[in-house]
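The values are calculated or read from the model by the stated rules, or taken from the named source; none is laboratory data. Predicted model, so just to flag it, every value in this text is computed and none were measured. FYI the Cβ positions are ideal-geometry reconstructions off the backbone, even for glycines, and counts take in every protein chain you see.
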Amino acid sequence: MEEKVFYITTPIYYVNDVPHIGNAYTTMVADIVARFQRLLGREVLFATGTDEHAIKVAEAAEAEGIDPKTFVDRIAPKFKEVWKELEISYDDFIRTPEPRHVRVVQEAFRRLRDSGDIYRGVYEGWYCVPDETFFRESEVTDGLCPNPECRRPVQWVQEETYYFRLSAYQDRLLQWIESNPGCLQPEFRKNEVVSFIKHGLQDISVSRANRGWGIPVPDEPDKVIYVWFDALLNYITVAGWLSDEEKFHRTWPADLQLMGKDIFVRFHSTFWPAMLMGLGIQPPRVLFGHGFWSVEGEKISKSRGNAISPAKLAEDLASRSGAKREVAVDAIRYFMVREVPFGVDADFSRSALVHRFNSDLANDLGNLLNRTLSMVGSYFDGVVPKPAGVAEEIKSEVLSAVAECETALSSLEFARGLEAIWRAVSAGNRFVDERAPWRLMKEGKREEAATVLYSVLETARIVAITLSPVMPSAAREIWRQIGSPGDFESVGWAAALEWGVLPSGIMTAGPQPIFPRIEERKREPKAEAGAESPVGAGFAIPPQQAPEETKPEAEEPVISYDEFKKLDIRVAEIKSAEQVAGTDKLLQLTVDPGDGERTIVAGIAQWYEPEKLLGKKIVLLANLQPAKIRGVESRGMLLAADVDGRAIILTPDEDVPSGAKVR
Ligand code: ME8
């Protein structure tokens with residue numbers, strides 16, 4: 001019998017906006033699991049995609065004055081682009097308007113209607129468009145969505161509809177959960193599901209009046225199918241339900257369905273398995289609802305301007321460190337699964353990212369590789385030396401780390417898996433420190449030095465394989481630099497369980513530092529006036545290149561009081577603010593510093609919404625030489641505090657008149 005395909009899914013994301021690090025997180029984790037399973041030799045189907053029939057998608061299109069189809073056709077490919085940059089190795093990308101999916105949704109609807117699970121009625125209650133969720137009258141107070149993460153206004157809906165008989169599945173769902181330990185993870189969220197179900201399930205409306213967007217109800221084109229009924233079915237569309245029976249048989253049930261906690265309880269752990277039961281299809285093997293990321297302590301939201309674009313973050317990290325872009329992507333992947341155990345909430349901070357980059361990647365891993373390869377270069381002409389024997393202590397430490405890493409990755413404990421790999425890295429560094437090949441060479445013990453260096457190269461080879469699900473590009477680079485033949489994808493995880501595989505006598509190719517350390521006090525690379533600033537670079541856009549007399553970075557320049565007196569720093573009021581066309585980071589501000597209005601450009605758009613700045617008093621360097629930035633003449637510079645790359649505008653402690661001097 002053919003082996004079952006390992007089937008892993010992410011949610012399909014709404015296309016009302018481009019992906020941020022929250023969506024990227026789920027997708028990166030799914031990618032890590034998919035790569036790990038492939039290394040283990042499993043055939044994998046890794047699916048992701050876009051959920052396009054939501055009302056909020058139609059509203060976003062309307063806000064732009066275009067039809068929903070044009071809108072989704074523009075945004076959906078952006079997801080693919082971002083996933084490509086983040087090295088997401090998906091096998092299938094589904095878009096809900098595709099005919100293969102429309103057919104599945106309509107057929108599922110028809111079958112459930114025929115069996116009586118879907119019945120006609122009238123819906124009267126609330127609907128939250130941002131959450132695309134129906135709420136009972138009693139669930140809503142103050143006209144706001146009861147989901148604490150949302151709390152946006154709900155709409156009152158009264159229309160003829162179809163209901164899905166969810167209430168009939170209460171006992172079957174509880175029984176499924178009880179007889180399949182581990183089907184809902186993590187455990188603490190399973191308990192939430194059980195109490196949600198025990199609290200009583202209500203039938204759920206599964207159609208809406210057709211306003212020109214959505215999949216029509218079969219034989220009743222005045223109605224469209226509820227977006228969640230449509231979206232959840234994507235998982236069986238991809239697996240081949242109704243289109244490829246053999247594929248479906250080998251693929252379903254899904255081995256792992258990943259999502260955030262926001263859509264875990266109500267939709268994926270209740271509605272979804274009930275729909276499948278109604279269709280006579282087995283529920284998935286494991287549903288995992290992970291925690292949410294905040295950014296610098298704040299909930300991610302577009303209006304707060306902190307919905308970080310993962311691609312841009314990688315670009316910034318690359319420019320700040322000098323690492324290759326794909327290595328910067330890897331560092332972000334590493335950070336997000338290393339920082340907290342998978343499942344719980346986490347906070348993203350740039351300083352923590354920089355810290356991990358420097359300590360784990362540049363210091364521990366980078367050092368191991370660089371110093372070993374330079375010694376191989378100096379003492380053995382860059383050729384992998386032949387060991388005189390097996391260094392048992394490092395071998396056993398490294399192999400036991402691999403075993404632990406395998407167990408941890410299999411049970412989705414990524415942080416523990418990476419800790420285990422870092423034990424191998426530290427073992428390698430310690431081995432070099434203790435055995436000191438440079439001393440051995442001086443003492444003429446060339447064979448011993450060869451054994452030490454070979455063992456560390458072998459450690460690096462094993463680290464490359466085990467690290468590759470999380471950091472595929474960096475692993476490829478390590479592999480290349482140590483001269484290992486072929487690629488880790490073809491040798492697979494099994495090659496990490498063996499010691500002594502790296503052939504002696506082959507040429508190494510390093511060292512070329514993969515993770516150049518980020519010098520926190522280093523001057524930022526000179527940015528072109530108006531260029532988007534990298535992580536931590538100035539947000540007050542300098543109108544000109546740094547002056548010629550810029551001192552070397554180590555010396556803090558000292559200025560005299562007379563020089564300081566030349567600065568005209570004043571309080572100014574913001575009169576208007578708007579984004580500079582064609583940039584994500586620049587705002588054009590009209591400010592009044594007491595002597596009439598003028599325009600300045602500031603690199604703060606990532607953190608401040610233009611509307612919220614109106615009337616704010618800021619501190620302005622008023623006599624800076626004017627400069628054109630992206631076509632806008634800027635006359636002065638807004639001063640802000642730099643907190644780990646984030647701009648915080650300085651404002652006076654009390655209300656002071658515009659034009660007041662700052663001394
Ligand atoms: O809910 N932290 O799509 P969506 C971690 N279309 N993960 C986050 C996150 C954060 N701050 N923000 C979002 C939908 N996510 C539906 C899904 S599936 C049949 C239909 C991730 O675009 C997380 O996986 O709102 C969350 O569940 C998902 O994005 C929500 O994506």
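Among the helices (runs of 4 or more DSSP H) lying completely within the stretch 1-104, list those that include at least 3 residues that are among the polar types (S, T, N, Q). Let's see the steps before the verdict.
Details: elements: 21-39, 55-63, 68-85.
Filter on the stretch 1-104 gives 21-39.
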### Query
Mind checking which pairs have a first residue in the stretch 21-47 that is farther than 24 Å from Phe348 by Cα and a second that is near the ligand (Cβ under 9 Å from one of its atoms) and part of a helix (DSSP H, G or I), Cβ under 8 Å, 6 or more apart or different chains?
Ala47/Asn234; Ala47/Tyr235
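Yes/no per residue for (1) more than 22 Å from Gln625 (Cβ to Cβ); (2) modelled with pLDDT of 85 or more; (3) touching a strand residue (DSSP E or B) at 6+ places or on another chain (Cβ under 6 Å):
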| residue | (1), (2), (3) |
| --- | --- |
| Ile559 | no, no, no |
| Ala572 | no, yes, yes |
| Asp584 | yes, no, no |
| Asp592 | no, yes, yes |
| Asp595 | no, yes, no |
| Arg598 | no, yes, no |
### Message
Under 7 Å between Cβ atoms, which residue pairs at least 6 apart in sequence (or on different chains) link something in the stretch 278-302 that is free of Cβ contacts under 8 Å to residues at least 12 places away in the same chain with a partner that is within 12 Å of the ligand (Cβ to nearest atom) and among the aliphatic types (A, V, I, L, M)?
### Response
Ser301/Ala307
### Query
Any idea how many residues of the stretch 234-267 are farther than 16 Å from Phe6 by Cβ and either away from the ligand (no atom under 12 Å from the Cβ) or under 23 Å from the mean Cα position of the chain (by Cα) (or both)?
15
#### Entry: Pairs where the first residue, in the stretch 219-233, is more than 10 Å from the ligand (Cβ to nearest atom) and the second is of a type in the set (Asp, Glu), C-beta under 9 Å, 6+ apart
Asp222/Glu160; Lys223/Glu159; Lys223/Glu160; Val224/Asp230; Tyr226/Glu132
### Message
For the stretch 613-622, check the following and say yes or no: at least one residue is loosely packed, with under 15 Cβ neighbours inside 10 Å and of a type in the set (A, V, I, L, M).
### Response
yes
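Test of understanding: among Phe288, Phe292, which residue is within 16 Å of the ligand (Cβ to nearest atom) and over 14 Å from the mean Cα position of the chain (by Cα)?
Result: Phe288 is the single residue among Phe288, Phe292 that is within 16 Å of the ligand (Cβ to nearest atom) and over 14 Å from the mean Cα position of the chain (by Cα).
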### Query
Quick check: is even one residue across the stretch 431-438 outside any helix (DSSP H, G or I), modelled with pLDDT of 95 or more and either over 22 Å from the mean Cα position of the chain (by Cα) or within 20 Å of Met375 (Cα to Cα) (or both)?
yes
